[in-house]
Every structure is written in C-alpha cells, then in structure tokens.
Amino acid sequence: MMANMQVARENSTGQMPVDKVLTPDRFMDYEQEVKGSRLVDLALARIVRDGMEVCDIGGASGVFLGELLNRSKYHFNATLLEVVDEYRVRLVDERINYRLASVLDNDIPDGSFDMITFRHIIHHLVADNIVKTLDNQRRAFEQIFRMVRPGGYLVFQEQVHYVRLFARMVYHMSLLANKMRIRSRFFDAGTVVVAFPTTEEIKCFLDANKSACAFAIEEYFNEPKNMPLRWKLTLLMKNVGDLTYVIKVNGKKGGTP
Ligand SMILES: C[S@@+](CC[C@H](N)C(=O)[O-])C[C@H]1O[C@@H](n2cnc3c(N)ncnc32)[C@H](O)[C@@H]1O
C-alpha cells in the first residue's frame, strides 16, 4: 500500500486532496488495460520524428508511455505529469521523465508538447461541490490546450455517462460515501469520488477553447462500456462509455499557424 501519499499542490486548486478521493494502488492494475489498446495505436501514428515531446497526464506508473516508447521507431521524449508522487518510484520505464504537477495547477510553459495524451482522468478532478468540479474539468482542458504546441495533438480517452442525472447521482453518492466513510468492498464505495462528464459536456469543454485555439477533430469514437453486473444492477452505472478523441491543434490566437 502507498503510505503517506504526497501530492502536488493539492490545496491550491479546487480539487479535493487526491489521497482522500483516490486509491492509487488500484490504478496499477487498471493501467494494464491500455496495453494493445486503440489509444496506443492512435498516439503511435502521430509520433513521426525523433525528439518529439510527448506528455501523458495522470499516467500513473507509466504503462501507456512505456508502450509508446517500446513500440515507436522514433526516439521521442516522454514526460509523465502526475499528481501522486509515489508513482515516481513505480515507473515502469526509466526513460520516462516524471513530473509531479497537477493538470489544474502547474508551471509548465505554453506550447511545451507536440502531443498530450491522457486516459480516464477528467472524472477524477472532483471538488466538494458539482459547480467547482465542472469548473475543474473545464480548466483541465484549458490547461491541456495551453500546453500543446500549434501543430500538435491531443489524444485522449475519457469515461463518460450517457445520462446526466445518473452522472450527478453517482457524484453525490460517492461524495457522501466518502464523507460518511461508508465502506463497501462489493461496490468499491467509500474512497473514490467520481464525477463522470456526459458526452455533451466533453464537447462543451473542448468548444470552450475555440476562441483561443483553432483545432480539428481527426478521430472520434464513442463506445458503450460493459460494466460488471453488480454495477449495472444499481442502474446508475448502466449507461456509461468511453469517448476517444484525436485532435489536431492547428494554431493559437496570436501565435503561429
Ligand atoms: C483512473 S487513473 C488513470 C491512470 C492511467 N491514465 C490509466 O489510464 O490507467 C487517474 C489518474 O489521474 C491522476 N490524477 C488525478 N488528478 C490529477 C491531476 N490534477 N493532475 C494530474 N493527474 C491527476 C491520478 O493520480 C491517477 O493516476
């Protein structure tokens, strides 16, 4: 178990302290799912020269970046931006440059990366109320667009809920279970607080950047997810799925095309 978890600048953003709302040990198994996934292929296809700067946000112990490093024929620079420091000693590949920072609050210069990737982090940017949570999710996209260079790419997958009401109920119930310390191993309840965005909300978070950035969606997949029966029975987690996007950032306002 990870003891005395250290986190990056947790209190300077609206995000609840991650050591109170996440169980990082679990993500080490979860990460393995990415191996051989479409997300790896989509990112690999856009690594086209040596020296490219690639950043995976919320990449835990680096399984995703490790796959890219092993399979790409180019020698690119891989940065993992994580809010939990303990992943640093669990990195799966020593070529990864580990950076302890939050996607919501960091001092990474504008346009630092040719490609930014992330998988399943937006629903973890929870605050103690839904308004601030949605604002965190919006700000995460703002930061990501800021950090990518003109001509660069965003390649990501995010878990969404297709029913807004149920998404909100899952958020409020997981927050309550967390605050009341209600524990259920069967439902993984008690620690993890999640706020799944809807398909439309992800689109809004993206569109909010259109005035600062010209971008084009190159690939888009919307795939319903088959959840374990115990979750489906609650009905709350029946209508969920994964959105996958590949976005080309063509230019930024006031910047070079
Ligand atoms: C569900 S895990 C996903 C891990 C990995 N990307 C994968 O696909 O398996 C969410 C990850 O987001 C990270 N995270 C949460 N808040 C973050 C933040 N503000 N900035 C960067 N990473 C964050 C967590 O530490 C965790 O590793």
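The values are calculated or read from the model by the stated rules, or taken from the named source; none is laboratory data. Note that the structure is a prediction, hence the values are computed from the model and not measured. Note: ideal-geometry Cβ built from the backbone for every residue, glycine included; neighbour counts use all protein chains shown. Heads up: the accessible areas ignore ligands, DNA and RNA and are worked out on the full protein's heavy atoms, side chains in. Shrake-Rupley method; radii C 1.70, N 1.55, O 1.52, S 1.80 Å.
At 222 nm, what value in deg cm²/dmol follows for the chain if DSSP H runs of at least 4 each add -39500 (n - 2.57) and the sum is divided by all its residues, to the nearest 500?
Working: 8 runs with 75 residues, N = 257.
After summing the helix terms and dividing by the residues of the chain, the value is -8500 deg cm²/dmol.
Kindly identify the range 92-209 as rounded, prolate or oblate by the Cα gyration tensor criterion: order the square roots of the eigenvalues as a ≥ b ≥ c, call it rounded if a/c is under 1.5, otherwise compare a/b with b/c, prolate if a/b is larger, else oblate.
prolate
Run the accessible area of the range 10-252 with a 1.4 Å probe and give the carbon-and-sulfur part as a rounded percent. Could you put the intermediate results ahead of the total?
Working: 5850 of 10840 Å².
Exposed carbon and sulfur together represent 54 percent of the surface.
Using a Gaussian network model of the chain whose springs link C-alpha atoms within less than 10 Å, name the residue from 152, 58, 241 with the highest mean-square fluctuation.
Of the options given, 241 has the highest mean-square fluctuation.
If you roll a 1.4 Å probe over the heavy atoms of the protein chains, what accessible area per residue do you get for the chain, in Å²?
Values: 12100 Å² over 257 residues.
Computed with neighbouring chains in place, this is 47 Å² per residue.
With the contact rule set at Cα under 8 Å and sequence spacing of 6 or more, what percent relative contact order holds for the chain? Mind dumping the intermediate values first?
Details: 509 pairs, mean separation 47.9, N = 257.
With pairs under 8 Å counted, the relative contact order is 19 percent.
Over 18 Å between C-alpha atoms is what I'm after, so list which of 210/252; 35/203; 35/238; 132/252 land there.
Details: 210/252 9 Å; 35/203 27 Å; 35/238 25 Å; 132/252 27 Å.
Those over the limit are 35/203; 35/238; 132/252.
With θ set to phi - 60° and the Karplus curve 6.51 cos²θ - 1.76 cosθ + 1.60, what are the ³J(HN,Hα) couplings of the range 109-121 in order, to the nearest whole Hz, using x for Gly and Pro?
x, 3, x, 7, 10, 7, 8, 10, 10, 7, 9, 6, 10
Along the Cα→Cβ direction, 7 angstrom out, place labels at residue 71 and residue 28. What is the inter-label distance in nm?
It is 2.4 nm.
What shape does the range 1-127 have by the C-alpha gyration tensor, where a ≥ b ≥ c are the square roots of the eigenvalues, rounded means a/c under 1.5, and otherwise prolate means a/b greater than b/c and oblate the rest?
Numbers: a/c = 1.92, a/b = 1.49, b/c = 1.29.
Judged from the Cα gyration tensor, the range 1-127 comes out prolate (a/c at least 1.5, a/b above b/c).
Comparing 174, 72, 37, which has the greatest mean-square fluctuation in the GNM of the chain with Cα pairs linked when under 10 Å apart?
Of 174, 72, 37, the Gaussian network model singles out 37 as fluctuating most.
With a 10 Å cut-off between alpha carbons and a GNM built on the chain, which of 108, 96, 47 moves the most?
Result: 108 has the largest fluctuation of those listed.
On full extension of the chain, what length is gained from residue 223 through residue 180, given 0.36 nm per residue of separation minus the C-alpha to C-alpha distance?
Numbers: separation 43, 0.36 × 43 = 15.48 nm, distance 3.38 nm.
Full extension from residue 223 to residue 180 adds 12.1 nm.
Can you sort 82, 94 by solvent-accessible area, 1.4 Å probe, largest first?
Details: 82 15, 94 185 Å².
Largest accessible area first, the list is 94, 82.
Compute, for residue 173, the solvent-accessible surface of its heavy atoms (probe 1.4 Å) with the complete set of protein chains present, and express it in square angstrom to the nearest 10.
Here the accessible area works out near 100 Å².
Given N residues in the range 10-252, what is Rg(Cα) / (2.2 N^0.38 Å)? The partial results should precede the final answer.
Numbers: Rg = 17.3 Å, N = 243, 2.2 N^0.38 = 17.7 Å.
For the range 10-252, the normalised Cα radius of gyration comes out at 0.97.
Give the separation of the Cα centroids, the range 15-64 to the range 78-152, in Å.
Between the Cα centres of the range 15-64 and the range 78-152 lies a distance of 10 Å.
Can you list the residues, at least 5 places off or on another chain, whose amide H is less than 5 Å from the amide H of residue 97, using H built in the peptide plane?
78, 79, 80
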